[in-house]
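Participant: Input: one structure, supplied below.
The values are calculated or read from the model by the stated rules, or taken from the named source; none is laboratory data. Because the structure is predicted, anything quoted here is derived from the model rather than measured. Neighbour counts run over all protein chains shown; Cβ positions are idealised from the backbone, glycine included.
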Amino acid sequence: MRVDSVREEKSGAFPNGPSHIDKDGFLKILVAQLKYQNPLQPIKPYEFISQLSQLTQVEQLENIERSVDALREAMEVLNIGSLASLLGKRVSTRSQVMTKGDELYVKPDEEYERVIISITDLKTGEKREVKMEKGDPLVFRHEGENPIYVSAYAVKGNRIIFCQIDLFRVVKGIELGENGKARLLFEDGLTTSLKEVKSLKD
């Protein structure tokens, strides 16, 4: 048996390197094994059948992989189509930046007398406060044109009470990231992934 013949068979069987073998590569190895087998000790029939069975399994796995890829592509298209229904709606995000139409919901951790929302205009740097007394709806809606940064706390007597805030931002568009995954786009150009969306409001 010539050494260069075996080298040819080997290089043809592993076109993508030894870590990956496809159906054709597996078949080439099987043919080479039959071609260069020892005639005094030929391959046993059950071993041959076993190797043919492995070839069938490789082919089935390749078909499954292709089907999964096709399903993934279809899901991406379907996902983008369903995301279009979010345009103009408000989604809850971890951001503290608000643009026109966004709403902030505040929830003090304890009994309180007043809630204070601190606002910083991100274009002018101007700072102001919005105060809400106990019994008022604890919702602040931003109607200004400039984006603002917000934080909130509550007070009772001289004590400051921590507040949880939930910011709902208006979805202005849908953008595909570098990894091909859809992200929600807001008025100020910031985006968020679907994983970061906690809830939805009309």
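Participant: Please enumerate the residues belonging to the stretch 144-164 that are of a type in the set (Ser, Thr, Tyr) and surrounded by fewer than 16 Cβ atoms within 10 Å (Cβ to Cβ).
Facilitator: Matches in the stretch 144-164: TYR149, SER151.
Participant: Please give the number of the condition THR192 fails out of (1) out of contact with any helix residue (DSSP H, G or I) (no Cβ under 6 Å at 6 or more places or on another chain); (2) in contact (Cβ under 8 Å) with a residue 24 or more places away in the chain; (3) over 23 Å from ILE119 (Cα atoms).
Facilitator: Of everything listed in (1) out of contact with any helix residue (DSSP H, G or I) (no Cβ under 6 Å at 6 or more places or on another chain); (2) in contact (Cβ under 8 Å) with a residue 24 or more places away in the chain; (3) over 23 Å from ILE119 (Cα atoms), THR192 misses just condition (3).
Participant: Limited to the stretch 132-174, what total is found for residues that are assigned to a strand (DSSP E or B), more than 17 Å from GLU110 (Cα to Cα) and among the basic types (Lys, Arg)?
Facilitator: 2
Participant: Does at least one position in the stretch 104-112 carry a residue that is of a type in the set (D, E, K, R), touching a His at 6+ places or on another chain (Cβ under 9 Å) and either touching a residue at least 40 places away in the same chain (Cβ under 8 Å) or buried (at least 16 other Cβ atoms within 10 Å of the Cβ) (or both)? If you could, list the steps in order and put the result at the bottom.
Facilitator: If we filter the stretch 104-112 for residues that are of a type in the set (D, E, K, R), which is where we start, we get 107, 109-111.
If we keep only those that are touching a His at 6+ places or on another chain (Cβ under 9 Å) too, we end up with none.
Scanning the stretch 104-112 turns up no residue that is of a type in the set (D, E, K, R), touching a His at 6+ places or on another chain (Cβ under 9 Å) and either touching a residue at least 40 places away in the same chain (Cβ under 8 Å) or buried (at least 16 other Cβ atoms within 10 Å of the Cβ) (or both).
Participant: Report, ordered by the first and then the second residue, all pairs with beta carbons closer than 6 Å, sequence separation of six or more or different chains, a first member in the stretch 15-41 that is over 20 Å from GLU62 (Cα atoms) and in the same structural domain as LEU61 (by TED's automatic domain parsing), and a second member that is at pLDDT below 70 and surrounded by fewer than 10 Cβ atoms within 10 Å (Cβ to Cβ).
Facilitator: TYR36/MET1
Participant: Confirm whether GLY173 is at pLDDT below 90, surrounded by fewer than 10 Cβ atoms within 10 Å (Cβ to Cβ) and closer than 30 Å to SER85 by Cα.
Facilitator: Details: at pLDDT below 90: yes; surrounded by fewer than 10 Cβ atoms within 10 Å (Cβ to Cβ): no; closer than 30 Å to SER85 by Cα: yes.
When the stated conditions are applied, GLY173 does not pass them.
Participant: Taking the stretch 55-73 as the region of interest, how many residues are at pLDDT 70 or above and either over 30 Å from ALA182 (Cβ atoms) or more than 35 Å from the chain's Cα centre (by Cα) (or both)?
Facilitator: Here the count works out to 4.
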